[in-house]
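Heads up: the structure comes next, in C-alpha cells.
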Amino acid sequence: MANSIKKAFLQELTARFGSLERLHRSQSLFTVGDDAARVYVRYSKRHGDKKTFYGLREEDLRELAGHRAVICFLWDDQAEPLFVPFAEYEDVFSAIAPARDGQYKVQVYLEESGAELYIAGAGRFNVAGQLGWHILQDLTDVSRLRSQPDLSHSQVQALLGAIGKARGFDIWIPQSDRPRIDWSMTIPFECRESLPLGYDPVANTLAEVDVIWINKGANVLQALFEVEHSTPIYSGLLRFNDIHLTVPSLLPRFSVVSNTARRDLFARQLSRPTFQASGLYELCTFLDYRSVLDWHDRVAQ
C-alpha cells in the first residue's frame, strides 16, 4: 500500500510541477522546478482511523535546511497531502534530539476539525491550514523566486553569520577575513574572539572555516560552512574531511556554499571513494546562494 500511495503522489507531483529529481542519498527526498523546492515524502498507514506514525531521518532533514522545503505526510484515503513547511519547524527539531535510530518520531492526529502534528519531545502543532496542494504551489511560485544572485565571498559570509545569529548561535569567522566582511546586505553582528576549547587536534583547521555556528551554552559546533565562490570545491571537502576524521564524534552540519552552477561539481566530488569511506558523504550538503538569501529573508530581517 505504501508504495502505491507514494507512486500515485509522485505521479501527481510530476503532473503539477514537471520533472522531479531524487536527491542522491535518499529514497524519499525530491527536488522540483530546478531545486525551487525540496519535498521530503513520508507515508504511514492509519491506526485507529485517527492517528499516523512517521520517522524523520536526521540526515534527511539536514538536506532541507536553508532550502524552500516541505515535509509531505501521506496516509491511506487522504483527500489532499499534508505539506509542512520545514522552515517553520527547523528550530523545533534543532532543540530536540532524535531517537537512538537517528529518527525524529512524529505523529499526525486526524480530527474532524483538521489535523495536528505531534513531534516527540516538542509537543503538538495545529497543521490544519497546511493540507492541500496550494501550500507547495505557493512555495514554488516562480514569480516569487529571485534569480541566481551574484554575491561575493564576504557577502555570503555575512549572510550566513546573520542567519546563525538570528537563530541564537555564536558566530565564528576567521580573524583574517573580518576586516573584509561586506555588511551591505545584513545588519552587522559580533563574532566570537575564540573557538570553544576541546578541539585542539583540529583547532588550526577550524579557525580557517569560513563560517561556524556555535551553541552558546554548550560550546558545541552546530554548523560549518565553506564558501567556495571561486576556489576548488574539493579543497573545502578536504578540510571538512580532516575535521570529521580527526573528531568523528563532532557531527555538525557540514555545508559547501556556492552558486547553482557548481552543484553538479559538488555532487561528483563528494561521491569520490575517500569521502564515501570516511562518512562525509552522508553529512555534507550543498547550499546555493539563492537559498542563502531566502533563508536570510525568513529569519534575519
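Shown here for segment 221-301: trypsin sites (Lys or Arg not before Pro) in loop regions (DSSP other than H, G, I, E, B) with at most 15 other Cβ atoms within 10 Å, of which there are none.
Protection proxy ranking, highest mean first, for peptides 66-72, 86-92, 199-205: 66-72, 86-92, 199-205, where packing is the per-residue count of other beta-carbon atoms within 10 Å, averaged. Note on Leu10 and Phe53: the extension gain reaches 13.4 nm, defined as 0.36 nm multiplied by sequence separation minus the Cα-Cα distance. The calculated FRET efficiency for the pair Asn204 and Thr231, based on their C-beta separation and a Förster distance of 22 Å, comes to about 0.75.
By the beta-carbon count within 10 Å of each Cβ, the least crowded to most crowded order of Ser278, Ser258, fewest first, is Ser278, Ser258. Here the dipole of segment 203-301 is about 120 debye; that uses its Cα centre as origin and unit charges on the Cβ of Lys and Arg (positive) and Asp and Glu (negative). Ordering Ala122, Ala95, Thr52 by the projection of their Cα atoms onto the charge dipole of the chain, which places +1 on the Cβ of Lys and Arg and -1 on the Cβ of Asp and Glu, puts Thr52 at the extreme positive end. The DSSP beta bridges internal to segment 153-299 are antiparallel in roughly 40% of cases.
Our summary gives segment 137-263 a relative contact order of 24 percent, counting only alpha carbon pairs under 8 angstrom and 6 or more residues apart. The ranking of Val127, Val247 from fewest to most other beta carbons within 10 Å of each one's beta carbon is Val247, Val127.
For segment 2-144, the Cβ-based charge dipole about the Cα centre amounts to some 420 debye (Lys, Arg positive; Asp, Glu negative; other atoms uncharged).
Highest-first packing order for the peptide set 214-222, 190-198 is 214-222, 190-198, based on the mean count of other beta carbon atoms within 10 Å.
Net charge dipole, the chain: roughly 460 debye, given to the nearest 20, about the Cα centre with Cβ charges of +1 for Lys and Arg and -1 for Asp and Glu.
Taking the longest Cα principal axis of the chain as reference, the axis of helix 289-299 is set at about 70 degrees. The long axis of helix 153-166 is offset from the longest Cα principal axis of the chain by roughly 60 degrees. Among Lys45, Lys6, the ranking by other beta carbons within 10 Å of each residue's beta carbon, starting with the fewest, stands as Lys45, Lys6.
For the chain, averaging the sequence separation of C-alpha pairs within contact (under 8 Å, six or more residues apart) and dividing by the residue count gives a relative contact order of 14 percent.
Just so you know, all these numbers are worked out from the coordinates, no wet-lab data involved. Predicted, not measured: the structure shown is a model, and the values here were computed from it. Don't worry about glycine lacking a Cβ; one is built from the backbone with ideal geometry, like all the others, and counts go over all protein chains shown.
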